[in-house]
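Scroll down for the structure; my scribbles are underneath it.
Rule-based calculations on the coordinates, nothing more; no lab input. Since we're looking at a predicted model, the values are computed, not measured. Glycine gets a Cβ as well: all are built from the backbone with ideal geometry, and neighbour counts include every protein chain shown.
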Amino acid sequence: MLSFFFSLAFEFLQRDGGGFFGTIFGLTSSCIGLLLFIAYVAGLWQIFTKAGEAGWKAIIPIYNLWVLLEIVGRPGWWIILFFIPFVNIIVWILIALDLSKSFDKSGWYALGLIILPWFFVVILGFGEAQYYGPANKT
């Protein structure tokens, strides 16, 4: 069903050179992306608060990764690894595993954090999960 919608939208975009349907499609996808971003930041804010950090640290780019590394118990220099292609994927997987362990969640929850982070971060932040300390004590 979803692929049908996208193929139909693509057909309209091709036919009239973007125009009205291109604008609608672009605005809709932009609004959805903005809502997902706001939900992610709100969930991250709550995770930071549960871990004893100030919630406002979630809205500062790169610094929020530093704080997240501290929460899961990884060294701060790991932030450099986020700037290396393909290595950043492995690092995010390890951080997701540690974050789920820090809140006493299973490996399946970590898989959710990897695949749909904007959804599972909100559940972790606003749910009843408690922070039990860094999963990877260094």
Note: Glu128 to Leu116 extended length (0.36 nm per residue) minus current alpha-carbon separation gives 2.4 nm
Top positive-direction residue, dipole computed over the chain with Cβ charges, set Ile114, Leu81, Thr28 | Leu81
Kindly express, to the nearest 10 degrees and within the range 0 to 90, the angle between helix 117-126's C-alpha long axis and the longest C-alpha principal axis of the chain.
-> 50 degrees
How large is Rg/Rh for segment 53-127, to two decimals, with Cα atoms and a Kirkwood Rh?
-> 0.94
Give the angle, between 0 and 90 degrees and rounded to the nearest 10, that separates the Cα long axis of helix 63-72 from the longest principal axis of the Cα atoms of the chain.
-> 50 degrees
Treat every Asp and Glu Cβ in the chain as -1 and every Lys and Arg Cβ as +1, leave all other atoms uncharged, and give the resulting dipole magnitude about the Cα centre to the nearest 20 debye.
-> 240 debye
Can you give the FRET efficiency for Asn136 and Thr23, using 1/(1 + (r/R0)^6), R0 = 30 Å, r = Cβ-Cβ distance, to the nearest 0.05?
-> 0.05
Give the span of the chain's Cα atoms along each principal axis, as three whole-Å numbers ordered largest to smallest.
-> 58, 33, 28
Most fluctuating of Ile24, Ile59, Ile32 in the GNM of the chain (C-alpha, under 10 Å) is Ile24
What angle do you read, to the nearest 10 degrees and between 0 and 90, between the alpha-carbon axis of helix 2-15 and the longest principal axis of the chain?
-> 50 degrees
Per the helix-only model, the chain has a calculated mean residue ellipticity at 222 nm (DSSP H runs of ≥4, -39500 (n - 2.57) each, divided over all residues, rounded to the nearest 500) of -21500 deg cm²/dmol
